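Each remark here refers to the structure printed beneath this line.
The values are calculated or read from the model by the stated rules, or taken from the named source; none is laboratory data. Bear in mind the structure is a predicted one, so any value in this text is a computation, not a measurement. Note that we place each Cβ from the backbone using ideal geometry, even for glycine, and neighbour counts take in every protein chain shown. When the accessible area is computed, the model is the full protein with side chains, heavy atoms only, and any ligands, DNA or RNA have been set aside. Shrake-Rupley method; radii C 1.70, N 1.55, O 1.52, S 1.80 Å.
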Amino acid sequence: MINKLNNKNNDTANIIFAVFQKSYAIEAKLIGAHNFPPLARNIKGIKKSETTFYGYSENECLAAVIEVDTNNECLDICSLTVVPNHFKKGIASKLISYVLAMSDLSHAIVETAVANTPAINLYKKHGFVEFKRWTPSHGIEKLAMSVVI
């Protein structure tokens with residue numbers, strides 16, 4: 001079941017944080033990052049965020065979170081995390097489909113590490129195509145992808 005999450009609520013922010021930590025630890029290993037910026041995000045930052053969070057729950061446990069923002073006719077997927085014991089169940093795909101279907105915007109964008117092949121393949125499955133590559137100051141090469149909604 002997919003629901004909007006109230007990240008301003010302390011308990012909810014703590015649960016979102018736990019999902020982020022579990023998922024991003026796996027991603028950091030996958031891409032070989034020793035200093036992975038998403039792992040530095042804290043509960044206070046989650047609570048202060050003006051983005052929108054949606055969660056996928058299974059058996060009353062939060063299994064995945066997608067975080068989105070909107071600006072200038074664009075849906076920005078800021079983060080998509082799945083608890084590792086829920087990998088390979090199609091949950092990330094369900095969350096992407098959900099946010100794309102509910103949007104009345106013209107296109108969506110997402111950024112990920114160039115080395116994150118599973119994420120790139122997932123977004124390609126939803127029609128996203130690469131439009132930019134760069135290396136930020138943290139040194140992890142990234143790419144940006146977009147799709148017309």
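Figure legend. Inter-residue proximity from region 50-66: first residues closer than 13 Å to residue 76 by Cβ and of a type in the set (Asp, Glu), second residues open to solvent by 30 Å² or more (accessible area, probe 1.4 Å) and in a strand (DSSP E or B), beta-carbon distance below 9 Å, spacing 6+ or different chains. Indicated pairs: 50/69.
If only residues of region 19-44 that are open to solvent by 30 Å² or more (accessible area, probe 1.4 Å) and free of Cβ contacts under 8 Å to residues at least 12 places away in the same chain are counted, the one that is nearest to residue 94 (Cα to Cα) is 29.
Looking only at region 103-125, decide whether some residue is within 24 Å of residue 7 (Cβ to Cβ), among the charged types (D, E, K, R) and surrounded by fewer than 14 Cβ atoms within 10 Å (Cβ to Cβ). Yes, the conditions are met somewhere in region 103-125. Within region 98-118, residues that are closer than 16 Å to residue 75 by Cβ and in a loop (DSSP other than H, G, I, E, B) have Cβ atoms under 8 Å from residues that are open to solvent by less than 70 Å² (accessible area, probe 1.4 Å) and at pLDDT 95 or above in these pairs: 103/75; 105/74; 105/75; 106/74, counting only partners at least 6 apart in sequence or on another chain. Scanning region 51-72 for residues that are modelled with pLDDT under 95 and either aliphatic (A, V, I, L, M) or touching a His at 6+ places or on another chain (Cβ under 8 Å) (or both) gives a single hit, 58. Restricting attention to region 4-26, the residues that are out of contact with any Ser or Thr (no Cβ under 8 Å at 6 or more places or on another chain), more than 17 Å from residue 61 (Cβ to Cβ) and assigned to a helix (DSSP H, G or I) total 3. Consider region 69-95 and keep the residues that are hydroxyl-bearing (Ser, Thr, Tyr) and either under 12 Å from the mean Cα position of the chain (by Cα) or open to solvent by less than 20 Å² (accessible area, probe 1.4 Å) (or both). The one that is farthest from residue 106 (Cα to Cα) is 81. Mind checking which residues of region 122-136 are among the basic types (Lys, Arg) and farther than 17 Å from residue 99 by Cα? Listed by number, the residues that qualify are 132, 133. Remark: pairs (first residue in region 76-90, within 22 Å of residue 41 (Cα to Cα) and part of a strand (DSSP E or B); second residue hydrophobic (A, V, I, L, M, F, W, C) and open to solvent by 30 Å² or more (accessible area, probe 1.4 Å); Cβ separation under 8 Å; 6+ apart in sequence or on different chains) = 76/109; 77/109. Cβ-Cβ contacts under 8 Å between residues 6 or more apart (or on different chains), taken from a first residue in region 133-149 that is surrounded by fewer than 11 Cβ atoms within 10 Å (Cβ to Cβ) to a second residue that is part of a loop (DSSP other than H, G, I, E, B) and among the hydrophobic types (A, V, I, L, M, F, W, C), are listed as 133/114.
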